[in-house]
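The values are calculated or read from the model by the stated rules, or taken from the named source; none is laboratory data. In this text, all values refer to a predicted model and were calculated from it rather than measured experimentally. With ideal geometry, Cβ positions are generated from the backbone for all residues, glycine too; neighbour counts draw on all protein chains shown. To get the accessible areas, we keep the full protein, side chains included, count just its heavy atoms, and leave off ligands, DNA and RNA. Shrake-Rupley method; radii C 1.70, N 1.55, O 1.52, S 1.80 Å.
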Amino acid sequence: MLALGLSGAAQAQGIDHAAIFEREAARVVEAGTEDGAVVETLQMENGIELRRLTAEDGVVTYEGIDRSGLGAVGCLYRIYFELDAAGRFCPWAPPPEAAQTFERRLNRIATFVAENGEPRREPGEAPAMLDAAREAYGREVARLGCPDPGEGMQGFAAALASEAMDPVLDMALSVPRLPVMLPCL
């Protein structure tokens, strides 16, 4: 991908995992260990599984897995955010029509993220959420520089701008659920 390792701003999916695990403590299930970390799971509505991993040193990480078959909306958010932001801040820019498509799709996805995140936000808050994430991305690009968009990335971007993605996005956004990251394309 273009800058998936670059932008912490794109990871802002709007999920307070710790708050969910605290609120739903009675439903948390111990699920063994993984690479030395204690794993606990929480089954949410509409095919979402949250995992809390507590490492031996006490560091806690969270994962969200979308088992709905509709696609991980957090992943879609991150990818479309990266394409939109890179087009704004980096020398590589998609063709104007593709840039408009990325922005339009990102706005739809961001509205879904706002409405279905934890805590939930009003759909009207999505533009401000995106502006803040873009600002953070711009700071990171200024600090780290833009990655080189190879031919594979450009082909991937073209596929994501194609009309073939419209039904995929429609399906992904058809059922309200937490906008988790996994599985990511």
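Consider Val175 carefully, then state whether it is open to solvent by 20 Å² or more (accessible area, probe 1.4 Å), in contact (Cβ under 8 Å) with a residue 40 or more places away in the chain and of a type in the set (Val, Ile, Thr). Break it down into steps so the answer makes sense when it comes.
On the way: open to solvent by 20 Å² or more (accessible area, probe 1.4 Å): yes; in contact (Cβ under 8 Å) with a residue 40 or more places away in the chain: yes; of a type in the set (Val, Ile, Thr): yes.
In short, yes.
Take the residues in segment 101-133 that are of a type in the set (Lys, Arg) and at pLDDT 95 or above, then tell me which one is farthest from Ile15 (Cα to Cα).
Going through the qualifying residues, I end up with Arg104.
Those residues that are open to solvent by less than 20 Å² (accessible area, probe 1.4 Å) and farther than 13 Å from Ile109 by Cβ, I need them from segment 154-172; list them, please.
Listed by number, the list holds a single entry, Ala157.
Among the residues of segment 123-152, write down those that are farther than 18 Å from Arg105 by Cα and either open to solvent by less than 40 Å² (accessible area, probe 1.4 Å) or among the hydroxyl-bearing types (Ser, Thr, Tyr) (or both).
Ala136, Tyr137, Gly138, Glu140, Val141, Gly145, Pro149, Gly150
From the list Ala114, Ala93, Ala128, Ala110, exactly one residue is over 28 Å from Ile48 (Cα atoms) and hydrophobic (A, V, I, L, M, F, W, C). Which is it?
Ala93
Show the residue pairs that are 6+ apart or on different chains and have beta-carbon atoms under 8 Å apart, the first residue being within segment 59-82 and without any contact (Cβ under 8 Å) to a residue 60 or more places away in the chain, the second being assigned to a helix (DSSP H, G or I) and open to solvent by 20 Å² or more (accessible area, probe 1.4 Å).
Val60/Ala18; Tyr62/His17; Tyr62/Ala18; Arg67/Gly47; Gly69/Gly47
Please go through segment 21-46 and pick out each residue that is open to solvent by 30 Å² or more (accessible area, probe 1.4 Å), touching a Lys or Arg at 6+ places or on another chain (Cβ under 6 Å) and part of a helix (DSSP H, G or I). Outline the logic, then answer.
At the first step, the residues of segment 21-46 found to be open to solvent by 30 Å² or more (accessible area, probe 1.4 Å) are 22-36, 38, 40, 43-46.
Filter again for touching a Lys or Arg at 6+ places or on another chain (Cβ under 6 Å), leaving 40, 46.
Scanning segment 21-46 gives a single hit, Asn46.
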